[in-house]
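Notes to accompany the following structure.
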Amino acid sequence: TSGVITSAPLRWDQILAAWSINSFALSGQAGAVEVGTTITTPAFTATYSSTPTSAILTDNYGTAARDVTSTPTSFTSLGTFTKTANNASVTWTLSAHDATSATMTRTASVTWYPKVFWGTGAPGLRTAAAILALTNKPLQGSRNGSYAYAGGNTAANLKLYYAAPSAYGTPVFKVGGIAFPITLVAAGVSVTSNGVTQNYDLWESDNVGLGNLTMDVT
């Protein structure tokens with residue numbers, strides 16, 4: 001607006017496409033594991049717009065930084081990682097640059113989840129063993145979900161069961177948007193899974209022989 005023209009030296013990133021880390025990911029390692037799982041020296045892969053002149057791997061777990069410049073597209077952490085708290089995670093950060101760019105970063109992470117147990121069974125299930133024996137055991141970060149029950153037939157006199165960590169709070173159960181009749185039958189049951197012990201709350205349907213249905217839990 002003043003009409004004054006100023007000059008400044010050109011930067012390489014104004015002449016060429018900006019240098020970048022195109023991808024960074026764990027190799028052969030799921031992003032979700034059960035609490036208590038130990039991950040030993042996880043492997044990573046990375047791609048770049050061109051070969052970096054520096055590449056450093058760090059994490060938020062306290063493992064010493066590792067210089068992976070010599071093998072920047074395939075490398076491992078030197079650490080061993082275990083979490084026993086629900087929904088805890090570890091994040092690894094790759095920091096890299098070439099001779100003309102500022103340092104760029106990309107992250108990858110793993111989260112440790114507990115199991116939520118659900119399925120059908122004879123009336124009267126109450127114990128930790130009964131919870132562990134339920135057919136379905138997904139890893140979940142909350143109690144929420146839609147659960148498709150099958151086999152709750154009249155002849156077998158089966159009820160529907162659902163168990164989640166007590167720390168996940170009190171659920172609301174609905175089928176087709178309508179409140180589902182289900183009762184908390186065992187609170188604070190000590191359950192050990194994958195070497196981690198925590199309390200679970202077990203819910204049992206009020207009725208038997210319900211047939212196939214999908215129960216929504218929030």
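Of the residues making up the range 196-209, none is at pLDDT below 95 and under 29 Å from Gly31 (Cβ atoms). Within the range 183-208, the only residue that satisfies the criterion of being hydrophobic (A, V, I, L, M, F, W, C), in contact with a Gly (Cβ under 8 Å, 6 or more places away or on another chain) and under 20 Å from Tyr113 (Cβ atoms) is Val196. Taken over the range 68-81, the residue count meeting the criterion of being under 29 Å from Tyr200 (Cβ atoms) and open to solvent by 50 Å² or more (accessible area, probe 1.4 Å) is 1.
Restricting attention to the range 201-215, which residues are within 24 Å of Ala156 (Cβ to Cβ) and assigned to a strand (DSSP E or B)?
Of everything in the range 201-215, those that are within 24 Å of Ala156 (Cβ to Cβ) and assigned to a strand (DSSP E or B) turn out to be Leu202, Trp203, Glu204, Ser205, Leu213, Thr214, Met215.
Criterion applied to Thr41, Thr47, Thr51 was being at positive phi and exposed (fewer than 14 other Cβ atoms within 10 Å of the Cβ), and the one residue passing it is Thr41.
Summed over the range 157-208, residues that are touching a residue at least 40 places away in the same chain (Cβ under 8 Å), surrounded by fewer than 14 Cβ atoms within 10 Å (Cβ to Cβ) and among the small types (Gly, Ala, Ser) total 2. Among the residues of the range 90-114, those that are open to solvent by 50 Å² or more (accessible area, probe 1.4 Å) and under 17 Å from the mean Cα position of the chain (by Cα) comprise Thr107, Ser109, Tyr113. Any chance the range 55-67 includes a residue that's surrounded by fewer than 14 Cβ atoms within 10 Å (Cβ to Cβ), out of contact with any helix residue (DSSP H, G or I) (no Cβ under 9 Å at 6 or more places or on another chain) and at pLDDT below 95? No, there is no match, as no residue in the range 55-67 is surrounded by fewer than 14 Cβ atoms within 10 Å (Cβ to Cβ), out of contact with any helix residue (DSSP H, G or I) (no Cβ under 9 Å at 6 or more places or on another chain) and at pLDDT below 95.
The values are calculated or read from the model by the stated rules, or taken from the named source; none is laboratory data. Note that the structure is predicted; figures quoted are calculated from it, not measured. Cβ atoms come from the backbone with ideal geometry, glycine included; neighbour counts cover every protein chain shown. Heavy atoms of the whole protein, side chains included, go into the accessibility calculation; ligands, DNA and RNA do not. Shrake-Rupley method; radii C 1.70, N 1.55, O 1.52, S 1.80 Å.
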